[in-house]
Every structure is written in C-alpha cells, then in structure tokens.
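*Asks:* Sharing a structure below in structure tokens format, with a few things to ask.
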Amino acid sequence: MAEWRETMEQLVRDRERALLGYAYLVCGNPTQAQDLVQDALVRTFSKPRPGLSAVKAEGYVRRAITSVYIDQYRRNQRWKRVQHLFQPSELAADGFAAIEAGGNVADALAGLPARVRACVVLRYFDDLTVPEIGRQLGIAPGTVKRYLSDGIAQLELALGPLEDADVSTADVVDVTARRSHERN
C-alpha cells in the first residue's frame, strides 16, 4: 500500500504542473483544471495498483482527466435537457415584495412637506378621521383635507395610482380647480 502512495506523491511532486497544463488544455478553465486533476488522482489511486511506476501512473492520470471531463460534460448536457422538468410550474410569491414596496412608500413619504406627511401618516397609517387629525395637529379640518389631497396627489405621482385612498385623483382635480377658481 505504501508503494503506490509513494508513487502518487512522487507523481504530484514531479509532474503536477504538467498535469495541470494538460487538464487546462482539456477544459480551458484553470479552476476546473485543478478539480479535474484532483478527481483524476482520486480515481487513479483510490484502489491499490501494485507495480505502478510514476511514468505509467502519469498516463493513467491523464486518461482519467479526460474521462472525468467527458463524464462531467455528458452529465451537464443531460441535465440541460431535463432541467425544465424540475422547475416549479408557478413562481412562488415574492415574500420581499412588500418590503421593497414599503421602501418606495417611505421614500415617497420623505419627499412630502412635513405637515402634509403628518396628515397622510395619521390618516392612512393611524386611521384617524379628518377632525381627529385637525385636533391633534391644531389645524382646521379643511386644512387637513387640503393637505391630504396634496399629499395623495404627490404620492400618486411618485408611486402610481393608490388603490386604497379615500380621496381619488378626480377629487384632487376638483379641489385644485376650486382653489384656482376661489383665488380668481
């Protein structure tokens, strides 16, 4: 047993660069070449081969390098042909979509003026009514409505149409039209 182990050690010590070069020529990838040499050494020396000289062993290892590469190539080709059978038919729901959307909402809220942001947060995150928001912020209910209208309009510009908003974009347009009419 010690004899073939010494043969392997001598082969690796003396011919490692040549074996790596050969493996690189076979596969064209330096990392894969190292793996091929290791696999070929394991294949060649995993069972005792009495009377195996270093010269003969190099031929065995070179042949094993080629065999290992061909086996890997065939395995990969076979996998590519059946890979689609193992993929799920429906994509699983993205568990992080809400987190990403929440990040967009936070960014959009950060772009609002402070009072407008406060009104939007109190209305849609704390579910307070317009009079409650007015009392909490010390402003008139009409001002709260204006801030909510302005905030929703800006959020819709940043995020797209809001599904759950109490105030629709049509209401925002009406409020804006009334304001411009009142000013004139």
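We did not get these values from a lab; they are worked out from the coordinates using the rules stated. Everything numeric here is computed off the predicted structure, so don't read it as measured data. Because the Cβ atoms are built from the backbone with ideal geometry, glycine has one as well, and the counts that use them run over all protein chains shown.
*Asks:* Using modelled backbone amide H atoms (1.01 Å from N, in-plane), which distant-in-sequence or interchain residues come within less than 5 Å of residue 128's amide H?
*Replies:* Amide H neighbours of residue 128: 123.
*Asks:* What is the fewest-to-most order of 44, 31 by other Cβ atoms lying within 10 Å of their Cβ?
*Replies:* Details: 44 23, 31 9.
Result, fewest neighbours first: 31, 44.
*Asks:* Whole angstrom only: what separates the Cα centroid of region 120-162 from the Cα centroid of region 56-89?
*Replies:* Cα centroid to Cα centroid, the span is 63 Å.
*Asks:* Starting with the fewest neighbours, write out 46, 53, 149 ranked by other beta-carbon atoms found within 10 Å of each beta-carbon.
*Replies:* Numbers: 46 8, 53 11, 149 21.
Ascending Cβ contact count within 10 Å gives the list 46, 53, 149.
*Asks:* Can you return the lysines within cross-link range of residue 47? Criterion is Cα-Cα under 25 Å, with same-chain partners fewer than 8 residues away left out.
*Replies:* Result set, ordered by chain and number: 56.
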